[in-house]
1. What are the extents of the Cα atoms of the range 290-364 along their three principal axes, in Å, largest first?
2. For q = 0.24 Å⁻¹, what log10 I(q)/I(0) does the range 1-49 give under the Debye formula with an equal point scatterer on each alpha carbon and no solvent?
3. Just round it to a whole percent: the fraction of Cα-Cα distances in the range 15-106 exceeding 18 Å.
4. Mean separation of Cα pairs under 8 Å and 6+ residues apart, divided by the residue count of the range 21-184: what relative contact order is that in percent?
5. Normalised by the residues of the chain, what does the relative contact order come to in percent, with Cα pairs under 8 Å and at least six apart?
6. Need the C-alpha centroid separation for the range 343-391 versus the range 137-205, integer Å.
7. Could you work out which residue, out of Pro308, Pro66, Pro218, moves most in a Gaussian network model of the chain, that is, has the largest mean-square fluctuation with Cα springs under 10 Å?
8. Exposed loop trypsin sites (Lys or Arg not before Pro) only (DSSP loop, at most 11 other Cβ atoms within 10 Å): please give the longest stretch of the chain free of them, not including the sites.
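Read the figures in this text as sums done on the coordinates, not as results from a lab. All values derive from a computational prediction rather than experimental measurement. Every residue, glycine among them, receives a Cβ derived from its backbone with ideal geometry; neighbour counts consider all protein chains shown.
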Amino acid sequence: MIFMNSIVYLFDIDGVLIRPGGYRRATFDTIQYFLIELLGFPFSTYEDELSCFESIGITSEWDMIPLYLLAVLELTSDYQEQNFSFVETEIFRFDLIKFLNSYQKYLLYGEAPADAVLSQWEAGLPIFPVLKGKNPELIRSLLYGTRNPEISRITGYFQNLVLGNQLFEQTCKVKAKIMTEPYLELYDKVQISTFYKQKVEQLMENQQIFSAAMTARPSINPFNPKNNSSDYFSPEAELAIKCIGLNHLSMIGFGALQAIGTAVNRTGDNFLKPSPVHAFIALQAALGGSMNTIYRLTLDYICYLENPERISSQLESFLGTLRPSIRLFVFEDSSIGIRSVRNLVETFKKLDIEADVQAFGISTHPAKIKALKNESAWIFSDINQALSYSFQLSSF
């Protein structure tokens, strides 16, 4: 099939198609649980503090939670013998947000943020100077193994809440500590209206647009659903797609990236957005590629990225279906998904494919809006407004 001049819609899930109430509630509850354990008193966490992470490109709660805990512990370590009322002052909260934003300079391309901060702290960077002198092992224990709920207590507790006790035990093969229904089912809220959902479905059925979700959510391994590896796969993106109700929407989550990473002896984080690989897989899924074909072409694309002089006949054949041009509409609440698509487009230019990118930023938070505007995104308060404008651009 020839896809030249086709229009492809690439959607983030959380903050775009869904208001991730389940993740947020689980994040707040996990932070509260561990801060009571570590500090000995309740500690209020605010939405604008968590939004700081997303504005600097940290989108996984597996990273947010331990990094937030360490920021609070670092800033309160000198006050262990004093009245803790100071933590509710504007000065402390300003310092906390400043500390959270400082993590941006420690992020490393292709590494999980928690791993990047840990490796650079171990290399001697003064990230947690107070805690390093008082309890260096605590830093290691909070940041190590955040991608595995069997290693990280924080991730295990969070996943227990997110998945509920039954699905958590099925997925992780360990006993749940908390009996609960999945937070993702209890608190997530679909943001796309019935009208626009039906409109997107109609356009997809008529092949006026092609579409896929491109998410950092954990997911099953789409190339091997039974999963014979030791990697941790969790069906959180699948729960979201079921909740959204877009029946023909393909989805590429973190599980696909883990599987690709294992195949080339790397981690899934190497290929997570803003990597062009995430966008490349999502593009193939949107265009209806089979998982076997997507798997092979993605490995070929990675080989091309590492050695541009080497391009397989299969990859060249696929790229030929896109020439001379294609239109990519990306709907995101953070800048990294837009950068993933733009990074893909940069490689396409070298392969004689012109790709027009239209970026739609979905947010009402000032820091996130600023980051989205830096990617030349139009800003909308919700996905329905963004879709309405996108349809005007395409005369639908």
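1. Cα extents, longest axis first: 45, 24, 24 Å.
2. Reported log10 I(q)/I(0), two decimals: -0.91.
3. 43 percent
4. 25 percent
5. Relative contact order here is 23 percent.
6. Using only Cα atoms to place each centre, the spacing works out to 27 Å.
7. Among Pro308, Pro66, Pro218, the largest mean-square fluctuation in the Gaussian network model of the chain belongs to Pro308.
8. 1-172
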